[in-house]
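To start, the structure under review is shown below, and the notes come after it.
The values are calculated or read from the model by the stated rules, or taken from the named source; none is laboratory data. If you're wondering where the values come from, they're calculated on a predicted model, not measured in any experiment. Cβ sites come from the backbone with ideal geometry, for glycine too, and all protein chains shown count toward neighbours. Side chains included, ligands, DNA and RNA excluded: accessible areas come from the protein's heavy atoms. Shrake-Rupley method; radii C 1.70, N 1.55, O 1.52, S 1.80 Å.
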Amino acid sequence: MTINNIKKLNIYRKIINLYSKMENRKILKSGEFLINEIDSKDIFIPEEFNDEQKMIAQTCSDFLQAEVYSNIAKVDTPDREFMKNTLKKSGQLGLLGISIPEEYGGFGQSFVTQMLVSEIVGAGYSFSVAFMAHCGIGTLPIMYYGNEEQRQKYVTKLATGEFVGAYCLTEPGAGSDANAGKTNAKLSEDGKYYILNGQKMWITNAGFADVQTVFAKIDNDRVLSAFIVERNFPGVVVNPDEHKLGIKGSSTAQIFYNDVKVPVENLLGKRGEGFRIALSILHMGRIKLGSNVLGAAKKDIIDSVKYANERKQFGVAISTFGAIKHKLAEQVIKTFSIESAIYRVSKDIDDLMDKYKTEGCDKGKASIDAISHYAVEAAILKVYGSEVLNYVIDETLQIHGGMGYSAELDVEKGYRDSRINRIFEGTNEINRLLVTDTAMKRAMKGDFDLFGEAEKIYSNLDKITDGKVAGESYYQEKQRIVKNFKKAVLLLIHSASKHFDKKFVEEQEIMNSLAEMIMETYVSESLALRVEKIEGMKGISAIPVYKDILDVNIYDAAEKVRKAAHDAIYSYASASDATKLVKAIGILTAVPGINVKDARRRIAAKLIEDNTYKF
Ligand SMILES: Cc1cc2nc3c(=O)[nH]c(=O)nc-3n(C[C@H](O)[C@H](O)[C@H](O)COP(=O)(O)OP(=O)(O)OC[C@H]3O[C@@H](n4cnc5c(N)ncnc54)[C@H](O)[C@@H]3O)c2cc1C
């Protein structure tokens, strides 16, 4: 598919949008899922991708095939020219403009479509990192926060690949503590320029990016401002690429700014707005990282099953062994589960964007405000997704035995490449803290009554039941169990807030236990709603394997929620409180025993028969 085809498809999209806006979907605010439920008809699931989205996905796959997999050795080599040219080729096909409105040279696709593109490209090793950095953190700060002149000058060229973009926040002394940067800007005497001095490090696409969003403090400001800096401005010096464990083809380097004269019109947003811009862009980056790692995980599963079907030991294919089936099934369960959460929140973002636009909001602002709103879910996708990928590729390598350890196969590259996802876009430690902290902050702001609900549950601590009703259906049972997980979260939030008061947020281990519980709850709920919706769409006969995935997920999630709750409770509660809380958690995380061995075998059987990922 070419640019013209994408343009034609945009016309269909407008018609489809017109109809979809007529749907009356219930959407929850960020974190509100902790106290409210939605119906399966209210979530978007990947089984609902339209033809346009499938064609765009196919174009991305074809591109990877033609330009990435056929040059795989170069993709894993620090070759700036090759990576820059490959990015430009994807621009010629229209893939760099997917998130950019048409008036700035892009295709203004929905957030769901953007996430789908990110998923497919996620299977592209180092290219995926260069692509995502360009399309996301490299381009969108200017799209979302730039004025009309800046958008026309830069975004139109970034959308086509004429320019490549980079995002320069991290410094030697400012990593997770991003506002601690020392890069400084001073207004020149004639008032025409900011004179920029400082150093950035770990900058993706540094080796060839034409345009950089650079964060720096003006004079002695407490907070950052943001500037658009061109690589050709005198005084911009880019170091050679870093030697890295993985993503070796992605250019990562330090950049120095030595008395760089940045025209005043290149201030992005207002003075002092840089930190807010940086954080909002990171929300966007981490949510897209969620779908990006999904694509990599699916490719790894395909590699796993193909090898397991081919490789013979003891006279049979290794895919016939129970231990291997267990691994294959687990790879699918985790991947399918996180996928459910990814597209659920993507559509919520689309709907919120539409709402903001209807209220008269500028397209760029509507997009970033909607994305930033879903900060709790963004952090969940980032942490859960990157850890699913690490699990999946680790098992892919294991299934390959010695060959998995050999640089001859892509598996070894995938293993090395996957590790970065737990570090950039905010480390998983920082994002785990954000899951709990942001949910509580949003509640305190009045978005939803988390603390009121938590208090209600806690005040009935002695009377907690599992809520089981006679004759409940399969899905009613799953919903009840997920609701019980939520009650477990609320119990802990109430009891820990009471115990630690204002110091609660400093208790990182407790915050992390809660994050674990919240993440499992959101992912299980998204999966349960998806499976129910698939049954509504495709009928009961399509369902057994999805029910197996859901059964095992819930069975495992209950164990994780219980363990995380116990870890927290025994770390602060008095003996008598701990006894009561542990008893309640036991009731709230009770799930029916299932034959997980057979369920996993059925999941593996489908994968083995398909010899590819078709879930
Ligand atoms: C390959 C690569 C590409 C990158 N691309 C870019 C880019 O394009 N642009 C850009 O600006 N940056 C980029 N980065 C930087 C990246 O975002 C940072 O590395 C990351 O934010 C972590 O910062 P740090 O490395 O200084 O680690 P530190 O912040 O020093 O963290 C070290 C450890 O301490 C933990 N830690 C830190 N603070 C806390 C806390 N408050 N509570 C609990 N634990 C904490 C961290 O989780 C981590 O485990 C890239 C990095 C790499 C490796």
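Screening Q150 with (1) surrounded by fewer than 24 Cβ atoms within 10 Å (Cβ to Cβ); (2) within 16 Å of the ligand (Cβ to nearest atom) gives one miss only, at (2).
Within the stretch 428-457, the residues that satisfy the criterion of being open to solvent by less than 50 Å² (accessible area, probe 1.4 Å), away from the ligand (no atom under 16 Å from the Cβ) and touching a residue at least 40 places away in the same chain (Cβ under 8 Å) are A439, M440, R442, A443, D447, F448, L450, A454. Restricting the stretch 399-427 to residues that are open to solvent by 60 Å² or more (accessible area, probe 1.4 Å) and near the ligand (Cβ under 10 Å from one of its atoms), the residue that is farthest from I301 (Cα to Cα) is I423. When the stretch 468-525 is filtered for residues that are buried (at least 19 other Cβ atoms within 10 Å of the Cβ), among the basic types (K, R) and within 16 Å of the ligand (Cβ to nearest atom), nothing remains.
Candidates N197, N205: the one that is open to solvent by 20 Å² or more (accessible area, probe 1.4 Å) and of a type outside the set (A, V, I, L, M) is N197. Selection of the stretch 209-223 for residues being open to solvent by 10 Å² or more (accessible area, probe 1.4 Å) and not acidic (D, E) yields K217, N220, R222, V223. Residues considered: E162, E119, E189, E230. Of these, the only one that is more than 16 Å from the ligand (Cβ to nearest atom), charged (D, E, K, R) and buried (at least 24 other Cβ atoms within 10 Å of the Cβ) is E119. I277: assigned to a helix (DSSP H, G or I) and within 12 Å of the ligand (Cβ to nearest atom), yes or no? For I277, the condition - assigned to a helix (DSSP H, G or I) and within 12 Å of the ligand (Cβ to nearest atom) - is not met.
Could you give me the residue pairs with C-beta distances under 7 Å whose first residue belongs to the stretch 347-370 and is without any contact (Cβ under 8 Å) to a residue 40 or more places away in the chain, whose second residue is open to solvent by less than 30 Å² (accessible area, probe 1.4 Å) wherever it lies, and which are 6+ apart or on separate chains? As it stands, the answer is Y356/A366; Y356/A370; K357/A366; A366/M353, since those pairs meet every condition given.
Only a single item in (1) farther than 22 Å from Y69 by Cβ; (2) surrounded by fewer than 24 Cβ atoms within 10 Å (Cβ to Cβ) is not met by I281, and it is number (2). Being more than 19 Å from K355 (Cβ to Cβ) and buried (at least 24 other Cβ atoms within 10 Å of the Cβ) is the filter here; which residues of the stretch 368-387 pass it? The answer is A379, I380, L381, K382, V383, Y384, G385, S386.
Checked against the criterion of being farther than 30 Å from L529 by Cα and out of contact with any strand residue (DSSP E or B) (no Cβ under 8 Å at 6 or more places or on another chain), the stretch 46-56 has no qualifying residue. Considering only residues that are in contact with an Asp or Glu (Cβ under 8 Å, 6 or more places away or on another chain) and within 17 Å of V582 (Cβ to Cβ), which ones fall in the stretch 483-529? Answer for the stretch 483-529, where residues must be in contact with an Asp or Glu (Cβ under 8 Å, 6 or more places away or on another chain) and within 17 Å of V582 (Cβ to Cβ): N484, F485, L490, H494, S495, A496, S513.
Residues in the stretch 336-367 that are among the hydrophobic types (A, V, I, L, M, F, W, C), assigned to a helix (DSSP H, G or I) and surrounded by fewer than 24 Cβ atoms within 10 Å (Cβ to Cβ): L352, M353, A366. F275 meets the conditions (1) within 26 Å of the chain's Cα centre (by Cα); (2) under 14 Å from G198 (Cα atoms); (3) open to solvent by 40 Å² or more (accessible area, probe 1.4 Å) in every case but one. The failed one is (2). For the stretch 58-78, indicate whether the set of residues that are within 23 Å of L352 (Cα to Cα), at pLDDT 95 or above and open to solvent by 10 Å² or more (accessible area, probe 1.4 Å) is non-empty. Scanning the stretch 58-78 turns up no residue that is within 23 Å of L352 (Cα to Cα), at pLDDT 95 or above and open to solvent by 10 Å² or more (accessible area, probe 1.4 Å). Take the residues in the stretch 311-335 that are β-branched (V, I, T) and part of a helix (DSSP H, G or I); name whichever of them is surrounded by the most Cβ atoms within 10 Å (Cβ to Cβ). Once the filter is applied, the top-ranked residue is V332. Residues of the stretch 84-114 that are in contact (Cβ under 8 Å) with a residue 60 or more places away in the chain and at positive phi: G94, G108. Which one is nearest to N205 (Cα to Cα) among residues in the stretch 166-186 that are within 10 Å of the ligand (Cβ to nearest atom) and buried (at least 24 other Cβ atoms within 10 Å of the Cβ)? The selected residue is A166.
Screening A253, A308 for residues that are open to solvent by less than 10 Å² (accessible area, probe 1.4 Å) and either within 15 Å of the ligand (Cβ to nearest atom) or free of Cβ contacts under 8 Å to residues at least 24 places away in the same chain (or both) leaves exactly one candidate, A253.
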